[in-house]
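Take a look at the structure below.
The values are calculated or read from the model by the stated rules, or taken from the named source; none is laboratory data. These numbers were taken from a predicted model, which means no experiment stands behind them. Side chains are part of the model used for accessible areas, which takes the heavy atoms of the whole protein and leaves out ligands, DNA and RNA. Shrake-Rupley method; radii C 1.70, N 1.55, O 1.52, S 1.80 Å.
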Amino acid sequence: MIILNQILNIIVKKALFFVIVISQVVFVSCKKKTNTLGLNSIDGNEILNGTVVDTFSLTTYTEIADSIITSTISTGLLGSYNDPEFGTVHASIFTQLRLSSTSPNFGDVNTITIDSLVLGLKYEGSYGTLNDQTFEVYELSDTMDLGTYYYSFSDKSITNQNLIVPSKATLTPNPISDIYIDTVAKSAQLRLHLDTNLAKVFINEAANNSATYASNETFSNFFKGLKINVNNGAQSEGDGAILYFALNDPDSKLTIYYKQAGVKKTFDFLINSSSAKFNQVLVDNSGHNIDNVINNIGLGQTTFYSQALKSRAVIEIPGLLDLPKNTIVHQAILSLPVQTNLNYDIGSEVSVATKLEKSTSLYNIGSGVFNETEGVFELDLKSYVQSILTDERYPVTIDGTNLDLLIEGTKIYVYPKFFNSSANRIIFNGSSTLNTQKPKLIIKYTEF
């Protein structure tokens, strides 16, 4: 009997051990994230024991970005500043006005008293230092068209008269605090007071030539739009800001405040999605290191740059072509350390693009996120690297022709996420930087 009990205990212990082992295997299997691509030809242990490469040679530099379209966005950029690292930036807004209602009836113009004419622009934010800025507003003498692309360098002719009331031209921007208009609280706005004679022109035209207000098209022929500008003269390094405005917001408009026979009234001219508009943004990097890097690729190995509406950072990784073609890429992370400045936001994300063969435009391949703890942008290049190794083709249309194109070379472009609607700029450490952190690409892969 004793012997039988001993045998049973041994059997039970072995069974329990077998159950524990099986449960551990199942538990590990549930936690493990598997990449199903190529699993039929690769043993699972080989994936776990894949190759890690972190010795890629990176060539880094900066390229000018040509022909940046600014007429397809709803954020207005206005102001100027002097960046100690990037030079000067000057932004102006060109926009049409749209009627809040057609065929307005202002009644007897002889009973009308104009109180004010105010151009309100709802803030979305700012970039730089909020010093005083001197604003200007001009009437356009050239037409604009909603179906036309306008660029950061585009321009439109204007009349000679600055419409701003001189005593109210210089203001301290305040993108944070709410304002009150006739006791009603409104989100932060820039309020530019214009010459009331323009309001009289609008009202008299409605009374004498009603056809002008029959449609937005006829009104735009009469009044072609506005250029909103700043005239700050020379600014010291670190002074000034670019102001961001929500142009399609209902609070962004030109308003006539008037009394008719003593009764307060208003009439609005709107800026909205039906208004042709664009930002003119003039960037001057001359005299700064970024200009040297743009003109001399070799200098980008120490420091390289990207600036919204002006330039993109470029990283070439020729070593990718040396990876085995029969490779499954499990991870490819490019870390790009940056230099920060409290006054100049680098943003939380960057866009990442490459070029395809036979195409002159960039092809977006993802984004990168800023890791505040490490002070680096981290770019997931797994799909990009895999595409190079497998000769994947991408469908694009060029001049009306549908093509399937390969990635051209091993060059990627990195730039602020809101490249055509912000003033963000980034300073990256190059491979030969004197700083501790250097850019690095780490790839984990398995051959099959």
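Could you state the accessible area per residue of segment 200-303 in Å², with a 1.4 Å probe and every protein chain left in place?
Accessible area per residue: 42 Å².
Taking the Cα centroid of segment 199-276 and of segment 129-157, what is the distance between the two, rounded to the nearest whole Å?
Here the answer is 13 Å between Cα centres.
For segment 44-112, report the accessible area per residue in Å² (1.4 Å probe, heavy atoms, rounded to an integer).
For segment 44-112, the solvent-accessible area averages 41 Å² per residue.
Counting pairs of alpha carbon atoms under 8 Å apart in space and at least six apart in sequence, what relative contact order in percent does segment 145-300 give?
On the way: 103 pairs, mean separation 37.8, N = 156.
Relative contact order here is 24 percent.
Provide the per-residue ³J(HN,Hα) series for segment 418-423, in order, calculated from phi with Karplus coefficients 6.51, -1.76, 1.60 and θ = phi - 60°, each as a whole number of Hz, with x at glycine and proline positions.
Karplus-based 3J(HN,Hα) across segment 418-423 equals 9, 5, 9, 9, 8, 10 Hz.
Can you work out ³J(HN,Hα) from phi for every residue in segment 232-243, in order, using Karplus 6.51 cos²θ - 1.76 cosθ + 1.60 and θ = phi - 60°, giving whole Hz and x for Gly and Pro?
9, x, 6, 10, 6, 4, x, 8, x, 7, 9, 9
In square angstrom, what is the accessible area per residue of segment 342-385 with a 1.4 angstrom probe? Could the numbers behind the result be given before it?
Working: 2320 Å² over 44 residues.
With all protein chains present, segment 342-385 gives 53 Å² per residue.
In whole angstrom, how long is each semi-axis of the equivalent ellipsoid of segment 331-433, when you take the square root of 5 times every eigenvalue of its Cα gyration tensor and sort them from largest down?
28, 17, 10
5 Å is the cut-off here: which amide hydrogens, built 1.01 Å from N in the peptide plane, fall below it relative to Ile365, excluding neighbours closer than 5 in sequence?
Val352, Ala353, Thr354
Out of (1) 0.99; (2) 1.22; (3) 1.17, which label holds the value of Rg/Rh (Cα atoms, Kirkwood Rh) that was computed here?
Of the listed options (1) 0.99; (2) 1.22; (3) 1.17, (3) comes from this structure.
Ignoring any ligand, DNA or RNA, what whole percent of the accessible area of the chain comes from carbon and sulfur when the probe is 1.4 angstrom?
50 percent
To test your reading of the geometry: what angle, between 0 and 90 degrees and rounded to tens, separates the Cα axis of helix 196-208 from the longest principal axis of the chain?
The two axes meet at around 70 degrees.
May I ask for the angle, rounded to the nearest 10°, between helix 2-31 and the longest principal axis of the chain, with both axes built from Cα atoms and the value confined to 0 to 90°?
30 degrees
Starting from the exponent 0.38 and prefactor 2.2 Å, build the expected Rg for segment 315-377 from its residue count and divide its actual Cα Rg by it.
It is 1.42.
Evaluate the relative contact order of the chain (contact order divided by residue number), counting alpha-carbon pairs under 8 angstrom at least 6 apart; express in whole percent.
The normalised contact order for the chain reaches 25 percent.
In whole Hz, with x marking every Gly and Pro, tabulate ³J(HN,Hα) for segment 328-339 from phi via Karplus 6.51 cos²θ - 1.76 cosθ + 1.60, θ = phi - 60°.
Taking θ as phi minus 60°, the curve returns 9, 8, 8, 7, 8, 10, 9, 9, 10, x, 10, 9 Hz for segment 328-339.
Can you show me the helix-derived [θ] at 222 nm for the chain, built from DSSP H runs with n ≥ 4 at -39,500 (n - 2.57) apiece and divided by the number of residues, rounded to the nearest 500.
Helix-only estimate at 222 nm: -5000 deg cm²/dmol.
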